[in-house]
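I am attaching a structure below and will ask some questions about it afterwards.
Since every read-out is calculated from the coordinates, none of them should be taken as a lab result. Note that the structure is a prediction, hence the values are computed from the model and not measured. When we count neighbours, we look across all protein chains shown, and the Cβ atoms used for this are built from the backbone with ideal geometry, even at glycine.
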Amino acid sequence: MNQSIAPNRENERFQRGWDKLREIDGEAGERVVEALADIAPDFARYLIEFPFGDIYSRPQLDLKSREIAVVAALTALGNAAPQLKVHIHGALNVGCSREEVIEVVMQMAVYAGFPAALNGLFAAREVFAERDAAEAVE
């Protein structure tokens, strides 16, 4: 972790968020945060503290439910393919099956339209292919 992002790693909110980010997104989430280090380290810190330290850490929903909601929302937006891919990985990391991801994305055709759902399905296909390729190497 770049120290310019987290000048005070002792910050409980930051640490809770960092741990949650790693639990959900692993290295993909870390790469997103690190990519911000040279342009907007404060934004990277906010990204860790608020969504992951405050919201994802709440006990009312489990991580699988939260990631299903995020996949649905990002699919519905239709303009967030990089973030959608990260969160499809995250959904799979926290227990969603590929079939569940596909169903969530297909459901968005009803509310966000076919173009958004198609883009989501193509993003899912890319994520599945990346994971298959990584598994083949292991």
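So what's the back-of-envelope 222 nm ellipticity for the chain, counting only DSSP H runs of four-plus at -39500 (n - 2.57) apiece and dividing by all residues, rounded to 500?
About -23500 deg cm²/dmol.
Among Tyr111, Tyr56, Tyr46, which comes first, second and so on when ranked by fewest other beta-carbon atoms within 10 Å?
Ascending Cβ contact count within 10 Å gives the list Tyr111, Tyr46, Tyr56.
Using the reciprocal of the averaged 1/r over all distinct C-alpha pairs, how large is the Kirkwood radius of segment 61-138 in Å?
For segment 61-138, inverting the mean 1/r across all distinct Cα pairs yields 12.2 Å.
Report the label-to-label distance for Gln107 and Ala136 in nanometres (one decimal), using points 7 Å from each Cα along the Cα→Cβ vector.
Modelled inter-label distance: 3.2 nm.
On to the next question. Please state, rounded to one decimal and in Å, the Kirkwood hydrodynamic radius that the chain gives when every pair of distinct Cα atoms enters the mean of 1/r.
When all Cα pairs of the chain are included, the Kirkwood radius is 15.5 Å.
In whole percent, what relative contact order does segment 61-138 give with Cα contacts below 8 Å and a gap of six or more residues?
Answer for segment 61-138 is 34 percent.
Could you work out how far helix 98-112 tilts from the main Cα principal axis of the chain, as a 0 to 90 degree angle to the nearest 10?
Taking the Cα atoms of the chain, the angle to 98-112 is about 80 degrees.
Testing the spin-label approximation: label points 7 Å from Cα along Cα→Cβ at Ile39 and Arg58. State their distance in nm.
Spacing of the two 7 Å Cα→Cβ label points: 3.0 nm.
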